[in-house]
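Below: one structure, written as structure tokens.
All of the numbers you see were taken from the coordinates with simple rules; none came from a lab. The structure presented is a predicted model; accordingly, all values stated were derived computationally and were not measured. Note: ideal-geometry Cβ built from the backbone for every residue, glycine included; neighbour counts use all protein chains shown.
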Amino acid sequence: LPEGVSNGQARAALTSVMHRMYDNTENFNEAGFLTIGFAGRQPNVADWYTNNGSLYMTSLAFLPLGLPAAHPFWTDAAQPCTQAKAWGGQPFP
């Protein structure tokens, strides 16, 4: 991780994004496939080269599942991520 970003911050940020992406049923079409967009179907946010296969880059969010259970990513206490600090008026890197 970059200097100044703790494991607890990274896990909290990733968890927040995953909830926003996967809990929102509007991010999936009638067949259950992901749609283009951050919060529901938003095809205008796509680059010209984006296609349905590109959407599955979201699966990279699951890479931490390969870390051992005792890794600090899992064991460190959750901490506010950089965005939460910034929007909360707290100091951040």
Review point. When you count, for each residue, the other Cβ atoms within 10 Å and take the mean per peptide, how do 78-90, 41-53 rank with the highest first?
Key: 78-90, 41-53
**Study point:** 222 nm mean residue ellipticity, helices alone, for the chain (DSSP H n ≥ 4; -39,500 (n - 2.57); rounded to 500)
**Key:** -8000 deg cm²/dmol
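Below 8 Å, C-alpha to C-alpha, sequence gap of six or more: please give me the relative contact order for the stretch 1-43 in percent.
25
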Practice item. Please turn the phi angles of the stretch 56-71 into ³J(HN,Hα) values with the Karplus equation 6.51 cos²θ - 1.76 cosθ + 1.60 (θ = phi - 60°), one per residue in order, whole Hz, x for glycine and proline. Key: 7, 4, 4, 5, 4, 4, 8, 3, x, 4, x, 6, x, 4, 8, 5
Revision key, fill the gap. If N is the residue count of the chain, its Cα Rg over 2.2 N^0.38 Å rounds to 1.27
Review point. So, in nm, how far is label residue 42 from label residue 83 when the simple model puts each one 7 Å beyond its Cα toward the Cβ?
Key: 1.0
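Which whole-number percent gives the relative contact order of the stretch 32-93, counting Cα pairs below 8 Å spaced six or more residues apart?
17
Once you wrap a convex hull around the alpha carbon atoms of the stretch 1-43, what is its projected area averaged over all directions, in nm²?
Values: hull surface 14.8 nm².
Dividing the Cα hull surface by four gives the mean projection, 3.7 nm².
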**Study point:** Integer Hz, Karplus 6.51/-1.76/1.60 couplings in order for the stretch 24-40, x for Gly and Pro
**Key:** 7, 5, 6, 7, 10, 8, 4, 8, x, 8, 4, 9, 7, x, 8, 9, x
Point to revise | Amide H contacts of residue 37 (H built 1.01 Å from N, under 5 Å, at least 5 apart or other chain) | key: 42
